[in-house]
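Please treat every number below as a calculation from the coordinates, not as lab data. Computed from a predicted model, the values in this text were never measured in an experiment. So basically every Cβ, Gly included, is an ideal-geometry build from the backbone, and we count neighbours across all protein chains shown.
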Amino acid sequence: MLNISPADPVGQYFQSIKAALGGLEIYLSNPDLALPGSGVAGGLLLSYVERLKNSFACWENRIGFTEQFRISRAESGFPVFQNVLELENDRGTADTRLAAIPPADAIRREMADFILRQKAFPEALQTQMAERLYLERIGKGEIFSPYVLPQTLRVTVNTASGRPYYVVTWAVFDGSNTLPLIYIAGIEDSSPNVARLLVGPDGKLNADIDIPLPVGGLLNPELASQFDDFAGKNGAYSLTPATIVTNMDRDFPTLHPKQLRRMVLGPFYSAGITENNPRISEVLSKVRRPENAWMLTWTMQEVFSKAERPAQKGFFSSTPAMQEFHIDTNDLEAARMGASAYEKHALVPHDAYQALYASGEAAAIFGNYKVHVISGSNVVSEV
């Protein structure tokens, strides 16, 4: 890891976002945490948080040899999309570029020799070392790509319908809004090929079939490629969850989406760096320790099927089974989001939480957010 002083704004930003994602990991790791409206564990999202952490670790090394790093200071507080694209491109050329750079130990020896002979700091060698560390890091873990392909995490059988039921996740980094988006879908599959294979004589999951979860892509191999394409084209933040799930229901006659959840990460607020909310920035600037002057917010959106219209078969035409999705028109915010329900969350360090309350602005800032306070390695929720 390239050493960057937390005293400078760049170092403070990386230190803050690292702490925020670490706190989010602690929160999601709670075994008792279930995502809104379901019994699905929050731990299903941890792999995507890990991808984000890996991406930020790579970016932190990257600024050691290039100044091309910008964040959306006035909007999400996350890196602009160009950084995400560059990380993806560099990942594909990392091995070739590494082969052209001397090993790390050789660079260190050359740096020491330069300092002894020249009595100066070897800036060119430091830049070369930073690039090597960056390229090595980029291959150590999965990054948060512009589009993280779907994977099937769980498989059961809905005994009422007799259909296999999948829990499928994927992720998108929305370039227009610079927001990481994580999707979790609960989908029934009425395709004859999977029903014969997965549903046993007792109407439950066939115990003779070994499914090595997680499985890359949708479990149904006949639809996996088409589903990958659909999820990539329907992942933008500008599309509401209701629009996405309705499109899925329409485009896949044998897939029956019963539930779709979207986690919208952001905005992220960091004192002296982001400008996305002057009121929050002003309060955070009063936090005693700069490394604790941040707040991470996210929104969990959910849309679910309240009923299914049966398939209609006739001599001249037929229609597949279609879902009726619930939208609470009495909740204007939910209706605007295109969601059956939603939850807003805010994660803050204890110091920032105290500053927000001492300012008298807590009620206005937190509003209808569920607040989670991180202190050390603990997160206390809904304080």
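Scan region 203-212 residue by residue and report those that are surrounded by 12 or more Cβ atoms within 10 Å (Cβ to Cβ) and within 27 Å of the chain's Cα centre (by Cα). Residue satisfying the conditions is ILE211 alone. Can you tell me which residues in region 344-357 are touching a residue at least 40 places away in the same chain (Cβ under 8 Å) and farther than 18 Å from THR299 by Cβ? Scanning region 344-357 gives PRO349, HIS350, ASP351, ALA352, ALA355, LEU356. Selection over region 208-233 of residues that are among the β-branched types (Val, Ile, Thr) and in contact with a Ser or Thr (Cβ under 7 Å, 6 or more places away or on another chain) gives a count of 1.
Specify which of the listed residues (LEU125, LEU179) is crowded, with 18+ Cβ neighbours inside 10 Å, over 27 Å from the mean Cα position of the chain (by Cα) and closer than 30 Å to GLU60 by Cα.
Values: LEU179 fails: over 27 Å from the mean Cα position of the chain (by Cα).
Result of the check over LEU125, LEU179: LEU125.
Of all residue pairs spaced 6 or more apart or on separate chains, those with beta-carbon atoms under 6 Å, a first member in region 223-234 that is of a type outside the set (Phe, Trp, Tyr) and a second member that is part of a helix (DSSP H, G or I) are ASN234/ILE244; ASN234/ASN247.
Could you check region 138-153 and list, in sequence order, the residues that are touching a residue at least 60 places away in the same chain (Cβ under 8 Å), of a type outside the set (A, V, I, L, M, F, W, C) and surrounded by fewer than 20 Cβ atoms within 10 Å (Cβ to Cβ)?
Step one: filter region 138-153 for residues touching a residue at least 60 places away in the same chain (Cβ under 8 Å), giving 138, 140-153.
This time we only want the ones that are of a type outside the set (A, V, I, L, M, F, W, C), so: 140-142, 145-147, 150-152.
LYS140, GLY141, GLU142, SER145, PRO146, TYR147, GLN151 - these are the residues of region 138-153 that are touching a residue at least 60 places away in the same chain (Cβ under 8 Å), of a type outside the set (A, V, I, L, M, F, W, C) and surrounded by fewer than 20 Cβ atoms within 10 Å (Cβ to Cβ).
Could you check, for region 176-192, whether at least one of its residues is free of Cβ contacts under 8 Å to residues at least 40 places away in the same chain and in a loop (DSSP other than H, G, I, E, B)? Don't jump to the end; show me each part of the working.
Here is the first cut: in region 176-192, the ones free of Cβ contacts under 8 Å to residues at least 40 places away in the same chain are 192.
Those left that are additionally in a loop (DSSP other than H, G, I, E, B): none.
Taking every residue of region 176-192 in turn, none turns out to be free of Cβ contacts under 8 Å to residues at least 40 places away in the same chain and in a loop (DSSP other than H, G, I, E, B).
Here is a yes/no grid of residues against (1) in contact with a helix residue (DSSP H, G or I) (Cβ under 8 Å, 6 or more places away or on another chain); (2) assigned to a strand (DSSP E or B); (3) basic (Lys, Arg):
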site: SER225; (1), (2), (3): no, no, no
site: ILE244; (1), (2), (3): no, no, no
site: ARG250; (1), (2), (3): no, no, yes
site: HIS256; (1), (2), (3): yes, yes, no
site: GLY266; (1), (2), (3): no, yes, no
site: ASN276; (1), (2), (3): no, no, no
site: LYS286; (1), (2), (3): yes, no, yes
site: LEU296; (1), (2), (3): yes, yes, no
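Only residues that are of a type outside the set (D, E, K, R) and part of a helix (DSSP H, G or I): list them for region 129-148, please. So that I can check it myself, show each step before the final result.
Initially, region 129-148 is screened for residues of a type outside the set (D, E, K, R), giving 129-130, 133-135, 138-139, 141, 143-148.
MET129, ALA130, LEU133, TYR134, LEU135, ILE138 - these are the residues of region 129-148 that are of a type outside the set (D, E, K, R) and part of a helix (DSSP H, G or I).
The residue that is farthest from PHE65 (Cα to Cα), counting only those in region 97-135 that are in contact (Cβ under 8 Å) with a residue 12 or more places away in the chain and of a type in the set (D, E, K, R), is GLU110. Checking each residue in region 210-223 for being over 13 Å from THR169 (Cβ atoms) and touching a helix residue (DSSP H, G or I) at 6+ places or on another chain (Cβ under 7 Å) picks out ASN220, GLU222. For region 240-295, a residue qualifies if it is over 22 Å from ASP8 (Cα atoms) and of a type in the set (Phe, Trp, Tyr), and exactly one does: PHE252.
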